[in-house]
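Trainee: Handing you a structure now.
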Amino acid sequence: MPGNVDPIFSKQGNALNVGIWTSSLTANTRSDGVGTIATDMVKIFTAGANGAYIDRIRLFPSGSVASTSTTASVARFYTSTVTSGATTRDNTMPFFEIGLPSQTVDAPTAAIAVLEVPCDFVLPANQTILMSLHHAAAANSSWQATVFGGDY
């Protein structure tokens with residue numbers, strides 16, 4: 001049973017932060033939703049039993065070594081009914097992509113650019129949001145993906 005129905009508001013916040021490091025994700029050069037979760041796609045959000053409202057996704061480049069540069073790439077986002085293993089065009093649907101510029105992270109004198117993906121949609125119960133990178137993250141760098149939403 002939904003938490004709130006008139007008007008409908010999310011009942012409980014559901015924000016998830018996932019780091020995408022070189023060792024955790026290989027490049028996925030496809031944009032059709034085909035890939036493998038935990039190999040070239042990463043699960044960054046799962047809706048609750050009654051579905052979820054997704055407000056936005058924030059991408060934050062970070063590094064584990066001072067003055068490390070990220071690799072320029074494209075981040076792609078998908079909704080999926082799959083929670084692990086292989087994805088196909090039938091169960092995974094692309095909804096947004098954004099260019100990721102090369103940036104010097106963990107820099108001593110300059111702030112980095114944080115990117116935001118506007119969402120403003122409802123994700124059905126138990127579905128996921130997946131993310132892939134066209135180029136794998138550079139050594140000692142990562143992209144942190146934070147999904148801001150709430151479960152119904």
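The values are calculated or read from the model by the stated rules, or taken from the named source; none is laboratory data. In this text, all values refer to a predicted model and were calculated from it rather than measured experimentally. Quick reminder, even Gly has a Cβ in these numbers, built from the backbone with ideal geometry, and neighbours come from all protein chains shown. Side chains included, ligands, DNA and RNA excluded: accessible areas come from the protein's heavy atoms. Shrake-Rupley method; radii C 1.70, N 1.55, O 1.52, S 1.80 Å.
Trainee: Checking the condition small (Gly, Ala, Ser), modelled with pLDDT of 90 or more and under 15 Å from the mean Cα position of the chain (by Cα), which residue from GLY85, GLY99 passes?
Mentor: Just one listed residue meets the conditions, GLY99.
Trainee: Working only within the stretch 32-56, note down all residues that are touching a Phe, Trp or Tyr at 6+ places or on another chain (Cβ under 7 Å) and either open to solvent by less than 10 Å² (accessible area, probe 1.4 Å) or on the phi > 0 side of the Ramachandran plot (or both).
Mentor: The answer is GLY33, GLY51, ALA52, ILE54.
Trainee: Could you please tell me which pairs satisfy a Cβ distance under 7 Å, a separation of 6+ or placement on different chains, a first residue in the stretch 110-124 that is under 23 Å from THR46 (Cα atoms) and touching a residue at least 60 places away in the same chain (Cβ under 8 Å), and a second residue that is open to solvent by less than 40 Å² (accessible area, probe 1.4 Å) and among the hydroxyl-bearing types (Ser, Thr, Tyr)?
Mentor: Within 7 Å, the pairs are LEU123/THR79.
Trainee: Which residues, counting only those in the stretch 89-111, are among the aliphatic types (A, V, I, L, M) and in contact with a Gly (Cβ under 9 Å, 6 or more places away or on another chain)?
Mentor: If the condition is that a residue be among the aliphatic types (A, V, I, L, M) and in contact with a Gly (Cβ under 9 Å, 6 or more places away or on another chain), then MET93, VAL105, ALA107 are the ones that fit.
Trainee: Go over the candidates LEU123, LEU115, LEU100 one by one and state the one that is out of contact with any Lys or Arg (no Cβ under 9 Å at 6 or more places or on another chain) and closer than 21 Å to GLY63 by Cβ.
Mentor: LEU100
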